[in-house]
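Here is the structure we will look at.
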Amino acid sequence: NRVLINEINQNHESKVPDNLSRNVGLIKELNNNIRRVAQLYSDLSTSFTKSIDVSSEGDSSGAVKSEEKSSHKRHRPDL
């Protein structure tokens, strides 16, 4: 993206018509790249949030499960 931005800036500063028209495609490419990066960060954030939710659910349900297990244990008669 940095290379694209530099080329776009150079083309803009040159004021050469061919360079300026080339910028249209370069700017579209840059916009698509930025859109892709934003989507990746969004996906990463969603994935992280889900993993935190699952982790915290595991902690609370783990406590419940251990309580359930202890209430369902079979007791041996004392000898």
Once all protein chains are kept in place, LEU4 shows an accessible area at probe 1.4 Å, nearest 10 Å², of 20 Å²
Pair GLU13, ASN31: separation of 7 Å Cα→Cβ label points (nm): 2.5 nm
All other residues with a Cβ under 14 Å from the Cβ of HIS12 taken together, and with Lys, Arg as +1 and Asp, Glu as -1, what is their net charge? -1
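The values are calculated or read from the model by the stated rules, or taken from the named source; none is laboratory data. Everything numeric in this text was worked out from a predicted model, so none of it was measured. Virtual Cβ from ideal backbone geometry, glycine too; neighbours counted across all protein chains shown. The area values use the complete protein model at the heavy-atom level, side chains included, leaving out ligands, DNA and RNA. Shrake-Rupley method; radii C 1.70, N 1.55, O 1.52, S 1.80 Å.
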